[in-house]
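Undergrad: One structure, pasted below without further comment.
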């Protein structure tokens with residue numbers, strides 16, 4: 001059984017950490033690690049981003065993009081957490097799980113999607129005229145060699 005057919009099939013707003021091989025959600029009696037009960041539908045949004053990149057890198061581009069899209073759409077559009085990147089959420093309801101805080105740095109994983117979608121390694125966006133250079137140029141008002149405003 002794959003992650004796609006078990007964990008990811010359980011929910012609309014993310015990919016839960018664990019599931020039974022037959023696709024049923026896990027329960028507290030299904031594992032015995034004290035202090036790590038994130039619930040049957042708990043997930044870290046940045047982990048879904050990484051999972052999406054893994055699917056993209058291994059030939060399942062559309063599916064990888066879709067699980068990232070549905071997770072980010074929930075965070076930004078449904079929950080209105082544009083800058084408050086939640087650390088733990090529920091994949092079934094899309095709600096943030098309280099008590100686990102926010103982690104702005106985890107949202108940086110989205111920058112890696114540019115490289116993954118272009119079939120590059122993580123140095124791709126840092127190459128000349130890559131995403132990093134273009135973002136810095138746009139933020140500082142720089143112009144390219146032909147004198148055009150960089151975007």
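Undergrad: If you check 76, 68, which single one turns out to be in contact (Cβ under 8 Å) with a residue 40 or more places away in the chain and under 28 Å from residue 119 (Cα atoms)? Break it down stepwise before answering.
TA: On the way: 76 fails: in contact (Cβ under 8 Å) with a residue 40 or more places away in the chain.
It is 68.
Undergrad: Test of understanding: among 95, 62, which residue is closer than 26 Å to residue 27 by Cβ and surrounded by fewer than 17 Cβ atoms within 10 Å (Cβ to Cβ)?
TA: 95
Undergrad: Which one is nearest to the chain's Cα centre (by Cα), of the residues in segment 82-101 that are at positive phi and modelled with pLDDT under 85? Step through it out loud before you land on a result.
TA: So the first thing to find is which residues in segment 82-101 are at positive phi, and the list is 94, 99, 101.
Remaining after also requiring modelled with pLDDT under 85: 99, 101.
Values: 99: 20, 101: 17 Å.
Among residues in segment 82-101 that are at positive phi and modelled with pLDDT under 85, the one nearest to the chain's Cα centre (by Cα) is 101.
Undergrad: Might you check whether a residue that is at pLDDT 85 or above, more than 18 Å from residue 13 (Cα to Cα) and not in a helix (DSSP H, G or I) occurs anywhere in segment 102-119?
TA: Scanning segment 102-119, I find at least one residue that is at pLDDT 85 or above, more than 18 Å from residue 13 (Cα to Cα) and not in a helix (DSSP H, G or I), so the answer is yes.
Undergrad: Within segment 65-99, which residues are in contact with a strand residue (DSSP E or B) (Cβ under 7 Å, 6 or more places away or on another chain) and under 20 Å from residue 39 (Cα atoms)?
TA: If the condition is that a residue be in contact with a strand residue (DSSP E or B) (Cβ under 7 Å, 6 or more places away or on another chain) and under 20 Å from residue 39 (Cα atoms), then 75, 79, 85, 86, 87, 88, 89, 90, 91, 95, 96, 97 are the ones that fit.
Undergrad: Here is a further query. Tally up the residues in segment 7-31 that are over 25 Å from residue 80 (Cβ atoms) and in contact (Cβ under 8 Å) with a residue 12 or more places away in the chain, please.
TA: 13
Undergrad: Which one is modelled with the highest pLDDT among residues in segment 128-150 that are exposed (fewer than 10 other Cβ atoms within 10 Å of the Cβ) and over 23 Å from residue 110 (Cβ atoms)? Give the derivation first.
TA: From segment 128-150, those exposed (fewer than 10 other Cβ atoms within 10 Å of the Cβ) are 128, 139-141, 145-148; that's our starting set.
Now drop any that are not over 23 Å from residue 110 (Cβ atoms), which leaves 141, 145-148.
Working: 141: 83, 145: 53, 146: 52, 147: 58, 148: 59.
This residue is 141.
Undergrad: Just need a number here: residues in segment 1-59 that are at pLDDT 85 or above, assigned to a helix (DSSP H, G or I) and more than 14 Å from the chain's Cα centre (by Cα).
TA: 3
The values are calculated or read from the model by the stated rules, or taken from the named source; none is laboratory data. Small disclaimer: the values here were computed from a predicted structure and weren't measured. A quick note on method: Cβ atoms are made from the backbone with ideal geometry, for glycine too, and the neighbour counts reach across all protein chains shown.
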